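For reference, the structure is listed below as C-alpha cells.
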Amino acid sequence: MARNNQENGNQSAQSKPKATKATAKSTKSAATRTRSTASRPAAVSPVFKARLDAHREELEQLFMGLYNDQAAFQSLLDAMAAAYADRPADLKRLDKAREADPEWYKRGDMFGMTMYTDLFAGDLKKLADKIPYLKEQKLTYLHLMPLLQMPHPNNDGGYAVEDFDNVDPSLGTNEDLAALTKKLRRAGISLCLDFVMNHTASTHRWAKAAQAGDPEYQDYYFCYDDRTIPDEYDAHVPQVFPNTAPGNFTWNEQMGKWVMTQFYPFQWDLNYRNPKVLVAMMGSVMHLANLGVEVFRIDAVPYIWKELGTNCRNLPTVHTIVRILRIILECVCPAVVLKGEVVMAPKELAAYFGTPEAPECHMLYNVSIMVNLWSALASRDVRLLKAQIDKLDALPENCWFVNYLRCHDDIGWGLDEDVERAIGIDPLKHKEFLYHFYEGAVPGSWSMGELYNYDEATRDARSCGTTASLTGIEKALITHDKPLLETSVKRDLLMHQAMAFLRGFPMLNCGDEIAQLNGWDYKEDPDRVEDSRNLHRSKFDWDKAALRKKSGTLQNELWKGMEGLREERHDPCFAPDAWVSTWDTFNDAVLAVVRKVEGSVLVGLFNFSELEQHAHLNASEGIIDSPVEADLAPYEARFIHL
C-alpha cells in the first residue's frame, strides 16, 4: 500500500530554527571535522595504534567483505584516528579505567533511569541543575530520550534525526551536552543516548540533496523510479505500523521517486550498501562519544540491512555492521558500551551479543520480560513469565539485559504463542484480554490505560500508560478508594521488585519513583493527540516530587520502595557472575527466582495475585539444601537467604 507524500512535503517546507552562536560553532559535519583534523600532521598515538593493531585485520576483513572499497576503508581509519586525537583527556582516562574493569556495567549497584530532557527539566542546562535529585536516587545510568536536531513537530519523539552531530536547539548546544556529561560523570552517572542507525529525517541534508535530484545522495537511501523493486520488497517485508503508517515506501513528488520508509513517511531508510553511509554514521557516533556519551542505544538495529527476497530483519550483515561498530569503539573510546534495541524473540537475541571472541552489543533491552511481567499481573499467572525467564537465562554468559517496566514506548503484546498454546492459552484471546484489561475495559480491572495502534483486521493492539496508572493507583485516587490504593501500591512495588531481581540491571521510567500518573492533557494538544503514547510522556510533576520526603504520602511510600530495590541489589548474589534460575513453586500465581554465588543463595518469591498464596520449593543438592515453604500475602515480594 503506497503512502501519501503530503506529510513528507510539509516537513521539507518547514524552516529550521536559528542556530545560536554556540550552536553555530558546532554545525560542521562529522565528516568535515574528520577531514580537517586528519589533514593535520600529527604523531600517531601509541595507545590508539596498539588498539587498532589488535583489531585491524578483522576490521579490514569485515569492511572489505561488505564493500571491497579500499579508499572507503582508509576514510574510516582516518576518521577513527582523528576522533581519538580529538578525544578529551578526561575521557581517555575513563577509557583506561574501563579497559581495566570491562564489566563495570554488570555490577549489582547499577541502577538506571530514562527520561525526556524537556519533560523533566526543560533543557540540558536545567537538567544539569537537577543532578542532585538523580544522585539522591543513587543512579549510575541515565538514558535521555533523543535530543539530536530534529524536525518539529513531526519527529517520532526524536527518532527522526536531521543532524546526527548536533543537539536540537530547543534543548541546548553541543557545549551544553558536554558540560552535562562531565557533571554526570562526577556524580557517578553514565549517560546513554539513542543512536538511530536505520533512518534519517526527510529533512536531513542528505535527504534534501536527494530530493533536489543529486544522484550521489539518492544512493544514501533506497530510491526507485517505479514500483517494480518496491513491490518485490513488499512481497516479503512486514509493515512496521500497518495502521498508522502503512506500506514500506513513500512516493516523493519533488524527487519523482519511491523512497523506502519502513517506519514513518518522514523517516527515510539509510542504504548501508553504500560505504559512505557507514563511514559517515560511524563518524557521528565517535563525535557524540567525544562529547561524553558513554552508552549508545542503537535503535531498530535488526532493520539496518536490506536484501531483496527476505523480510529485511536480523540478516547476517546486520551483525557484521554491529561488530564493525564495536571494534571502532574499542579502538577509539573503549569506555563506551552498546545497548541494542532488539524487539525480537529470544532465539534471535543471542546473535546480537556476538561471541566472547567477537562481541557485538554489550547489553539489550529486555523487552520480552517487560511484556510478560504485565501479562502475569493481569492474569495472576506466572507460567508464561517463568518460561520466558528460563529462555533468557539459558542464553550464553555474555548476554546481559536492561530490565524495565515502562519506557517512552508502548507495551506490545508479543508473547510466545507456542508456549501459550502448550499450556492451553489461546494467543489471540489472551492478547485481547490483556489490552482490554489495561484500558480498564475488563470487569475487575484496576487499570487506566489506552490502546495504541489498534488494527481491526488482525485484532492486534498495544497498550499505553504509566506504571502507577496501569497498576491501579490512578483509579484509586479518582474514586477515593483507600483499600484499592493500598493494594495498587503493593502491585506497583511488586512489579519493580520482580523486575530488579532478574539477570541484568533495573531501569526506572522517570516519574515511577513518585507514582506519576497519566497525562491525559495530551488530547488537547493538536501536535500530540494522534499518538496515544503521549499518555505516558507528560511533564515531570515537581510538586509531587517534593512530597517524597513527607512521611505518609504516596510519593514517600514509592520513593522508599525504590530505595529498597537498590538495597536489595547490594547483596553479593547480584554479582555479575551469579547463577540465576527460576524455581517451581507448585503455584501458578507465584514466581520464584534463585540467585547463587559461592557461599550464598538468595531466593526471591513474588506473589502476582491479590490473594494469599502458598509456595513450595523442592530441594536440590548444592543449591537449595532443604525444601522451602512460604505463605505470601497479596502482591508480596519476599527474599530468603539460604
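Taken together, the values in this text are just the output of simple stated rules run on the coordinates, not laboratory data. Predicted, not measured: the structure shown is a model, and the values here were computed from it. Cβ sites come from the backbone with ideal geometry, for glycine too, and all protein chains shown count toward neighbours.
Computed over all pairs of different Cα atoms, the Kirkwood value for the hydrodynamic radius of segment 84-202 is 15.4 Å. The Cα center of segment 216-248 and the Cα center of segment 411-431 differ in position by 31 Å.
Over all distinct Cα pairs, what is the inverse of the mean 1/r for the chain, reported as the Kirkwood hydrodynamic radius in Å? One over the average 1/r among Cα pairs gives 25.7 Å for the chain. For segment 144-170 versus segment 580-642, the inter-centroid distance based on Cα atoms is 45 Å. Spherically averaged projected area of the convex hull of Cα atoms, segment 574-642: 4.3 nm². Helical content alone sets the calculated 222 nm signal of the chain at -11500 deg cm²/dmol, taking -39,500 (n - 2.57) per DSSP H segment of four or more residues and averaging over every residue. If you take every residue apart from Ala575 with its C-beta less than 13 Å away from the C-beta of Ala575, what net charge results, scoring Lys and Arg +1 and Asp and Glu -1? For residues surrounding Ala575, the net value is 0.
Note on Ala100 and Glu598: with the Förster distance fixed at 22 Å, the Cβ-Cβ geometry gives a FRET efficiency of about 0.40. Assuming charge only on the beta carbon of Lys and Arg (+1) and of Asp and Glu (-1), the dipole of the chain about its Cα centre is about 2260 debye to the nearest 20. Backbone amide hydrogens, once placed in the peptide plane, bring Thr582 within less than 5 Å of Val594, excluding anything fewer than 5 places away on its chain.
Across the options Gly309, Asn290, Ala545, the greatest Cα extent toward the positive end of the charge dipole of the chain (unit charges at beta carbon of Lys, Arg, Asp, Glu) belongs to Asn290. Between rounded, prolate and oblate, where does segment 162-251 land on the alpha carbon gyration tensor, with a ≥ b ≥ c its root eigenvalues, rounded for a/c under 1.5, else prolate if a/b exceeds b/c? It comes out prolate by the Cα gyration axes.
Ordering Gly256, Pro427, Pro132 by Cα displacement along the dipole of the chain toward the positive end leaves Pro132 in first place; charges were set at the Cβ atoms of Lys, Arg (+1) and Asp, Glu (-1).
For the residue pairs Lys306/Lys391; Lys49/Lys106; Lys482/Lys596; Lys391/Lys490; Lys130/Lys523, the alpha carbons lie more than 31 Å apart in Lys482/Lys596.
Put simply, the C-alpha atoms of segment 450-520 give a gyration tensor, and the ellipsoid matching it has half-axes of 23, 20, 11 Å, longest first.
Considering the options Leu602, Leu617, Trp583, tell which one lies farthest towards the positive end of the dipole of segment 569-642, charges being +1 on Lys and Arg and -1 on Asp and Glu at the Cβ, about the Cα centre. Result: Leu602.
Taking amide H atoms as placed 1.01 Å from N in the peptide plane, the amide H of Gly354 lies under 5 Å from those of Glu360, Cys361, each 5 or more residues away in sequence or on another chain.
Along the Cα-to-Cβ line of Ala50, 7 Å from the Cα, sits a label point; which residues in segment 78-108 have backbone N less than 13 Å from it? Hits in segment 78-108 for Ala50 at 13 Å: 96-97, 99-100. The dipole here belongs to segment 237-326: it is taken about the Cα centre, uses +1 on the Cβ of Lys and Arg and -1 on the Cβ of Asp and Glu, and is about 240 debye.
Nearest 0.05, what FRET efficiency do Ala358 and Asp525 give at R0 = 45 Å with Cβ-Cβ as r? The calculated FRET efficiency here is 0.45. Distance distribution note for segment 400-484: the fraction of Cα pairs above 20 angstrom is 42%.
Just check segment 455-496 against the gyration tensor rule for me: Cα atoms, a ≥ b ≥ c as the square roots of the eigenvalues, rounded for a/c under 1.5, and otherwise prolate or oblate depending on whether a/b exceeds b/c. The shape class here is prolate. With R₀ set to 45 Å, the beta-carbon distance separating Ile423 from His152 gives a calculated FRET efficiency near 0.40.
When only the Cβ of Lys, Arg, Asp and Glu is charged (+1, +1, -1, -1), the dipole of segment 47-193 relative to its Cα centre reaches about 920 debye. Annotation: peptides 122-134, 493-505, ranked by per-residue average of other Cβ atoms within 10 Å with the highest first, follow the order 493-505, 122-134. With θ taken as phi - 60° and the Karplus curve 6.51 cos²θ - 1.76 cosθ + 1.60 applied, the whole-hertz 3J(HN,Hα) list for segment 348-353 is 8, 6, 4, 4, 7, 8 Hz, x standing for glycine and proline. Taken along the Cα-to-beta-carbon direction at a fixed 7 Å, the label points for Ala209 and Glu567 span 5.8 nm. Rounded to whole numbers, the Karplus 3J(HN,Hα) couplings from phi for segment 563-574 are 4, x, 4, 5, 5, 4, 7, 7, 4, x, 6, 9 Hz, using 6.51 cos²θ - 1.76 cosθ + 1.60 with θ = phi - 60°, and x at Gly and Pro. Let me know the shape class of segment 519-642, please: from the alpha-carbon gyration tensor, a ≥ b ≥ c as square roots of the eigenvalues, rounded when a/c is under 1.5, otherwise prolate if a/b is greater than b/c, or oblate. In terms of gyration-tensor shape, prolate.
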